[in-house]
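Novice: The structure follows.
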Amino acid sequence: ADTIRFAMEASYPPFEFVDSSNQIQGFDVDLANAMCKEMQATCTFTNQAFDSLIPSLKFRRFDAVISGMDITPEREKQVSFTNAYYDNSALFIAHSGQFADVAALKGKRVGMQNGTTHQKYLMDKHPEITAVPYDSYQNAVLDLKNGRLDAVFGDTAVVNEWLKQNKNLAAVGDKITDPTYFGTGLGVAVRQNNTELLTKLNDALAKVKADGTYKTLYSKWFQQ
Ligand SMILES: NC(=[NH2+])NCCC[C@H](N)C(=O)O
């Protein structure tokens, strides 16, 4: 059987994270495994820096990236994406009651992960905010909690997870869905000439959606 090597940056629950027994877990892992089952392939998962995922994919260190990654026009110049597997939006969080809206973040330090769509959006659309890049969202949230950051900017589903765990944090402003920056949903990335794998993944995704597996996984990881 084929082996499909997936890569991700696993500090991003519920999409991907490393559990207490050092295993990579999450919605993306379960979804990839479900697609691999359809394709009768063996899947492997590698955890590495988010901003190195696309370069390493192009360099053939693995075959696909599944990492809560937005399908954006800019990334599509470098890689090909499957059909979207999740509808996405972005959200700022801070200590409850500290900032009324995004305008109040002017001159404040806002953390996000290096190489993400959140970073690009902040730098382009909010030059008045100090964007502080992190290797992982986990470290950004730590710095928010210990006061080294004023806010963190990330994907709504992920940010909601932190809000659940930290009752003194809250959303600032509304969800942001700007397709130029946050694309048309999350997708699996493959190399541009790898149409064979792209087709297989799209077929597998369609099957996993049609047979109810997707729905089961969705409610496993995104229940409110
Ligand atoms: N596994 C991760 N750390 N993912 C970060 C993804 C952030 C954002 N959705 C992007 O595509 O840029």
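Novice: Students often get this wrong: which residues of region 175-212 have the backbone nitrogen under 12 Å from the point 7 angstrom along Cα-to-C-beta of K37?
Specialist: Of the residues in region 175-212, 208-209, 211-212 have backbone N under 12 Å from the label point off K37.
Novice: Step by step: find N for region 102-153, compute 2.2 N^0.38 Å, then divide the Cα radius of gyration by it. What's the final number? Please list the in-between numbers first.
Specialist: On the way: Rg = 10.0 Å, N = 52, 2.2 N^0.38 = 9.9 Å.
My calculation over the Cα atoms of region 102-153 gives 1.01.
Novice: Sum up the charges of everything whose Cβ sits under 12 Å from the Cβ of V132, counting Lys and Arg as +1 and Asp and Glu as -1, but leave V132 out.
Specialist: 0
Novice: Would you please give the residues with an amide H less than 5 Å from that of C43, counting only those at least 5 places away or on a separate chain, with H modeled from the backbone geometry?
Specialist: The answer is I4.
Novice: Once the Cβ-Cβ distance between D19 and K58 is put in as r, and R0 is 22 Å, what FRET efficiency do you end up with, to the nearest 0.05?
Specialist: Efficiency at R0 = 22 Å is approximately 0.15.
Novice: A further question on this structure: Where both partners of a DSSP beta bridge lie in region 4-92, what percent of those bridges are antiparallel, to the nearest 5?
Specialist: Here the antiparallel bridges make up roughly 35 percent for region 4-92.
Novice: Exactly which GluC sites (Glu not before Pro) in region 1-107 are in a DSSP loop and have at most 11 other Cβ atoms within 10 Å?
Specialist: Qualifying residues, ordered by number: none.
Novice: Would you mind checking which residues have amide H under 5 Å from G185's amide H? H placed 1.01 Å from N; only 5 or more apart, or other chain.
Specialist: Here the answer is I71, N88, since their amide H atoms fall under 5 Å of that of G185.
Novice: Right, here's the next one. In whole Å, largest first, what are the principal axis extents of the Cα atoms in region 68-191?
Specialist: Projected onto the principal axes, the Cα atoms of region 68-191 cover 42, 29, 25 Å.
Novice: Now a separate question. Would you mind computing, in nm to one decimal, how far apart the modelled labels at A171 and Q192 are, each placed 7 Å from Cα along Cα→Cβ?
Specialist: Placing both labels 7 Å along Cα→Cβ, they lie 3.7 nm apart.
Novice: Under a point spin-label approximation (7 Å from Cα along Cα-to-Cβ), what is the D178-T44 distance to one decimal in nm?
Specialist: 4.0 nm
Novice: While we're looking at this one, here's another question. Report the net charge of residues surrounding V190, where surrounding means a beta-carbon distance below 15 angstrom and charges are Lys +1, Arg +1, Asp -1, Glu -1.
Specialist: Net of charged neighbours comes to +2.
Novice: Here is a follow-up. Indicate, rounded to the nearest 5 percent, the antiparallel portion of the DSSP beta bridges found entirely in the chain. Don't jump to the answer; show the numbers that get you there.
Specialist: Details: 21 of 36 bridges.
Rounded to the nearest five, the antiparallel share is 60 percent.
Novice: Have a look at I4, P14, M35 and report the one farthest towards the positive end of the charge dipole of region 1-108, computed about the Cα centre with Cβ charges (Lys/Arg +1, Asp/Glu -1).
Specialist: Toward the positive end, the furthest listed residue is I4.
Novice: Quick one: if the Förster radius is 25 Å, what FRET efficiency do K125 and Y218 give, using the C-beta to C-beta distance and rounding to 0.05?
Specialist: Given R0 = 25 Å and the Cβ-Cβ separation, E is 0.25.
Novice: How big is region 1-150 by Rg and Dmax over its Cα atoms, in Å?
Specialist: Final numbers for Rg and Dmax: 17.0, 55 Å.
Novice: So how strong a dipole does the chain carry about its Cα centre when Lys and Arg Cβ are +1 and Asp and Glu Cβ are -1, to the nearest 20 debye? Intermediate values should be presented prior to the final figure.
Specialist: Values: 23 positive and 26 negative charges, 33 e Å.
The calculation lands at about 160 debye.
Novice: Within the chain, what is the longest stretch that has no trypsin sites (Lys or Arg not before Pro) placed in a DSSP loop and near at most 14 other beta-carbon atoms within 10 Å?
Specialist: In short, 1-59.
Novice: Apply the Karplus parameterisation 6.51 cos²θ - 1.76 cosθ + 1.60, with θ equal to phi minus 60°, to every residue of region 36-41 and state each ³J(HN,Hα) to the nearest whole Hz, in sequence, with x for glycine and proline.
Specialist: 3J(HN,Hα) across region 36-41, in whole Hz: 5, 4, 4, 7, 6, 10.
Each reported figure results from applying straightforward, stated rules to the coordinates on display, with no laboratory input. Since the structure is predicted, the reported quantities are computational estimates derived from the model, not experimental observations. Quick reminder, even Gly has a Cβ in these numbers, built from the backbone with ideal geometry, and neighbours come from all protein chains shown.
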